Structures are given as structure tokens and as C-alpha cells.
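The values are calculated or read from the model by the stated rules, or taken from the named source; none is laboratory data. Computed from a predicted structure; not experimentally measured. Backbone-built Cβ (ideal geometry, glycine too); neighbour counts: all protein chains shown.
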Amino acid sequence: MQEQKAAMLIGPNGRNASQYFWSEANMNSTPMGRYLTRREWGFIQEAFQRHGFPELVLDVGGGDGRFAVRLSMLGIQTTILEHDPVPIRELVARGWSEPVVLGDGNCLPCKDDSFDAIMAIETPCTASSHLAGFLAGSHQVLKPKGLILLTTHNAVSMIGIQRLWCASKYRTTSGTYAHSFWTVRRALVHGGFDLLESRGFRWILGSRKSRSRLIPLWGYLEHVLFLERLPHVAPWIFWVARKK
């Protein structure tokens, strides 16, 4: 029964069955999208196993429930914060009954000390100019000793250097690779958090839209070579920190 409910909530398997660009029926159904979802979901589960499963989670930029639905299947009440109404409408139409909030991750519309954990996975609020404000807001919203899980891009990586070298080509995404491992670490500490772990990923060559058949091989090599242990130079970094 739970598997059937999860399949219904996660979304249709047919390509372009959703109007939401980043749904699991569209961009997240590509080889790159499936790799990222599998990797990030693995990190999330392992983080909660190591540091304690929360009761109340705020999923910032949660879209159509890519991770919120999976957390719900584990019995974790998850509130989705999303600025785009399209994925929220689609998710509710599929039977999602937990809280949803239309809002911006740069100004969290939540009460202080109200969540055990906050997630911000692949969201603009962790980009260059927004990170400090997002961490400040998260610190207020989290309960004492609450967890924050987020992903950031790394300027000191093969992708970050490529974008710096070809600045004119990537001007529309400026700011996404502006931070290094060390600047994000400092931002977390200055924001009132204790860093618990950081893991590198997304070493795969190709864009977020890539449908390359080599992606599963790259993902396998990333796993067997333990590249997650090199967050300092990884293109993307998964962070786990605790509110002081």
C-alpha cells in the first residue's frame, strides 16, 4: 500500500506528463536527474540515520515533492515551501495532504523554533548573494539543535573553473558557482551552526539536462572511488550542520 501511495505522489512516469519542468516526469527523469535524485536522497537518509530522524521538516524549494514524498513514507511530517504554484497544484491533485506554503526561501514565512530540520536541495537561496540571509532565516526557524541540510556549488572545481573561464557563456547562472567549500563553511559557522559533515558529488561531466548513456558509469565510478570524501574540490557539496 505504501509503495502504491508513493508512486502516486511521486508522479507519473510518462515523459512530459507534468507541466512542472523539474518534475520526475520531465527533467528529473533524465539520466542526470535520476542520478542526482538517487545521490541526494541517499545523503539525506544517511544524514538522518547518523544525526537523528526529525519529526517536522521544512523542504525549501521542495517543488512537487521530490524528497518530501519520500520523507512522508518514512513517517516524517514535511512542509513544502515553493514559490512556483504549478508543482504544488499537481502534488495536491495527486493526494498530498501535508502542509504546503507558497513563498520564497530568502524570507522564510514560518514561526521561530518550529522545525526539527530544514532542507534546501538544489535551490537558488543557497547561491552567492542569498546564502547568508537564508542561513540567518533558517537559524530562526529551526528548533534548538535542529539540523540543516543543503547543497551548494563549488567555485574550486572543474565545473566552477570552467564557468569562470567562460563567464560570457554562463552569465545567466552567475552566482551559482561563486562560493568555495571554505566560504560556505565560514558562512555556516558565522550563521550559528556546527558543521557535522560535508560530502562531494556531481563529478559527472555534462549539463543538468544531459541524457548521456555514460552517466550511470560515471555515477558508479564516483561511488567506488569514494569521491564524496573530496568535498573541497567537488563540483557540488552536500552539507549537514546543527544549530548551536
Inset, instruction - Of all residues in the stretch 83-105, count the ones that are under 14 Å from Phe21 (Cα atoms) and crowded, with 20+ Cβ neighbours inside 10 Å. - result: 4
Inset, instruction - Return the total of residues in the stretch 222-244 being under 24 Å from Ala117 (Cα atoms), surrounded by fewer than 17 Cβ atoms within 10 Å (Cβ to Cβ) and touching a helix residue (DSSP H, G or I) at 6+ places or on another chain (Cβ under 9 Å). - result: 1
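Name the residues in the stretch 43-73 that are surrounded by fewer than 24 Cβ atoms within 10 Å (Cβ to Cβ), of a type in the set (A, V, I, L, M) and either touching a Ser or Thr at 6+ places or on another chain (Cβ under 6 Å) or more than 25 Å from Gly200 (Cβ to Cβ) (or both), would you? First the steps, then the outcome.
Step one: filter the stretch 43-73 for residues surrounded by fewer than 24 Cβ atoms within 10 Å (Cβ to Cβ), giving 43-56, 61, 67, 70, 72-73.
Checking the rest, the ones that are also of a type in the set (A, V, I, L, M) come to 44, 47, 56, 73.
Matches in the stretch 43-73: Leu56, Met73.
Are any residues in the stretch 57-93 among the β-branched types (Val, Ile, Thr), farther than 13 Å from Ile44 by Cβ, part of a helix (DSSP H, G or I) and touching a residue at least 12 places away in the same chain (Cβ under 8 Å), and if so, which ones? Step through it out loud before you land on a result.
To start, the set of residues in the stretch 57-93 that are among the β-branched types (Val, Ile, Thr) comprises 57, 60, 69, 76, 78-80, 86, 88, 92.
Checking the rest, the ones that are also farther than 13 Å from Ile44 by Cβ come to 60, 79-80, 86, 88, 92.
Filter again for part of a helix (DSSP H, G or I), leaving 86, 88, 92.
Scanning the stretch 57-93 gives Val86, Ile88.
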Legend entry - Cβ-Cβ under 6 Å pairs, at least 6 apart or on other chains, the stretch 209-235 side in a loop (DSSP other than H, G, I, E, B), far side charged (D, E, K, R): Pro231/Arg199; Pro235/Arg202
Legend entry - Which listed residue, of Gly192, Gly219, Gly206, is among the small types (Gly, Ala, Ser), touching a helix residue (DSSP H, G or I) at 6+ places or on another chain (Cβ under 9 Å) and buried (at least 20 other Cβ atoms within 10 Å of the Cβ): Gly219
Inset, instruction - May I ask you to list pairs of residues, at least six apart or on different chains, whose Cβ atoms are under 8 Å apart, with the first in the stretch 30-47 being touching a residue at least 60 places away in the same chain (Cβ under 8 Å) and over 16 Å from Ile148 (Cα atoms) and the second being β-branched (Val, Ile, Thr) and surrounded by 20 or more Cβ atoms within 10 Å (Cβ to Cβ)? - result: Pro31/Ile215; Met32/Ile204; Met32/Ile215; Tyr35/Ile204; Tyr35/Ile215
Legend entry - Unmet criterion (only one of (1) farther than 17 Å from Arg208 by Cα; (2) modelled with pLDDT under 90) for Met158: (1)
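Anything in the stretch 26-39 that is within 16 Å of Trp218 (Cβ to Cβ) and either buried (at least 16 other Cβ atoms within 10 Å of the Cβ) or in contact with a Leu (Cβ under 9 Å, 6 or more places away or on another chain) (or both)? List them, or say none.
Keep residues of the stretch 26-39 that are within 16 Å of Trp218 (Cβ to Cβ), which gives 30-39.
Passing the criteria: Thr30, Pro31, Met32, Gly33, Tyr35, Leu36, Thr37, Arg39.
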